[in-house]
Amino acid sequence: MHDDDVNDGNDQLADNTMLVRLGQIGRFLKGKGISRSDLSEDGYPCLRYGEIYSTYGNTTACLKSRVLHEAASAAQVLRTGDIVFAASGETLHEIGKAVAYTGPEPAYVGGDTVVLREHGQDPIFLAHALNSEHACRQKARFGKGHSVVHIHAPDLSDVEVLLPSLPEQRMIAAILKTWDEALEKLATLRAAKDKRLGALRYAMLFGVLRLDDQRRNWVPTRLAAVTHELITRNGAKGLGRDYVMGVTKAQGVIPMREQTIAGDISRYKRLPPRAFAYNPMRINVGSIAMNERDEEVLVSPDYVVFACNADGLDPDYLDHLRKTSWWAHYINSGGSGSVRQRTYYDDLAALKLPLPELDEQKAIAAVLNTARDDLAATEREIEAVTLQKRGLMQKLLTGEWRVNSEKELA
């Protein structure tokens, strides 16, 4: 911490609120390493650092790993009320994420973790306070490393938190628990919908599940017979820089950062609505997408751009097919076991599709689109609840909003 952030003792603030360092309210223990060979489905519950990132504040329902009985004695035993920190992460903002162990069953914690014990605070409140923006900024100052960032107990002991009275902590924890429970239920629902969509894609795109009035045989068809490559360039007086897009696996077609766009965009390729684009060097990691916008955009001149023939292939059908493991296997193996470094249109066009008639393609795509949109609605709801919780935390954990009675809690 900088000198002006150093606090020699507890600061008494208004309304019985204290600004304290973690090292002043508890003691730190280091998690002990557990090897993969020590894990077993019928062992004791064990929290590993990677699992901390998937929790909201309470670890009890997130003890996914199990450790062998004979190996458990070498691990760090968790006690009810312990705060467990992830001591490693991929980014500075990730490191030091905290969760509260609420027990009461015996459990253990693995390596790359730090445990705060005997802190005398409400553990759920304290975990939320330690994941607030204020605390995360402090922890980020101590991060060490490059590809993997680490934080250690002496650094965590200097992190300051604002602590109201214990009764108020408990009431704030109860309020935030409502949002945590909502997020946990939504996450479970999202996982179920994602699994359902994957199962529907497999069943409907490969003829396992047929629609009521569809009984015609499917004909294996090369992609070259039902698509065509697009090579039209932007030109000197074409679309502006705001139309330049990139393609990612997670987000599809998205605006490209200005600093990555060339000075001259006349050679950039035009990507019409419902056409596909991909980087031939990154399609193997899933970086291919359909342009879902209502307008034409631009992509890098190095990209491959192609469109579906209107009388042969429905774009939505192909968009679902490309998200299957069957598609990924072809892209990664070239259909012959050899790994491609670059996949150009002619390579992709050699793929044989399990292709029904166009009307059945559209009917299948309509069913899959409904399932996909239902999943997207849940994802938007998770984003909204997360944003609401973040705003609520900002008010409650900084003392801007106070909860001083059961009446206010209600």
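The table for this structure:
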read-out: Any hit, the stretch 182-203, residues being outside any helix (DSSP H, G or I), in contact with a Leu (Cβ under 7 Å, 6 or more places away or on another chain), surrounded by 15 or more Cβ atoms within 10 Å (Cβ to Cβ) and of a type outside the set (Asp, Glu); value: no
read-out: Tally, over the stretch 219-233, of residues that are in contact with a Lys or Arg (Cβ under 8 Å, 6 or more places away or on another chain), more than 16 Å from Leu321 (Cα to Cα) and charged (D, E, K, R); value: 1
read-out: Test: residue in the stretch 321-330 that is surrounded by fewer than 17 Cβ atoms within 10 Å (Cβ to Cβ), touching a helix residue (DSSP H, G or I) at 6+ places or on another chain (Cβ under 7 Å) and under 20 Å from Leu348 (Cα atoms); value: yes
read-out: The stretch 272-331: number of residues that are under 28 Å from the mean Cα position of the chain (by Cα) and in a loop (DSSP other than H, G, I, E, B); value: 18
read-out: Of all residues in the stretch 124-155 being small (Gly, Ala, Ser) and outside any loop (DSSP other than H, G, I, E, B), the one that is nearest to Gly391 (Cα to Cα); value: Ala129
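Readers should treat all values here as calculations from the given coordinates under stated rules, not as data from a laboratory. All figures in this text were calculated on a predicted structure; none of them were measured in a lab. Cβ sites come from the backbone with ideal geometry, for glycine too, and all protein chains shown count toward neighbours.
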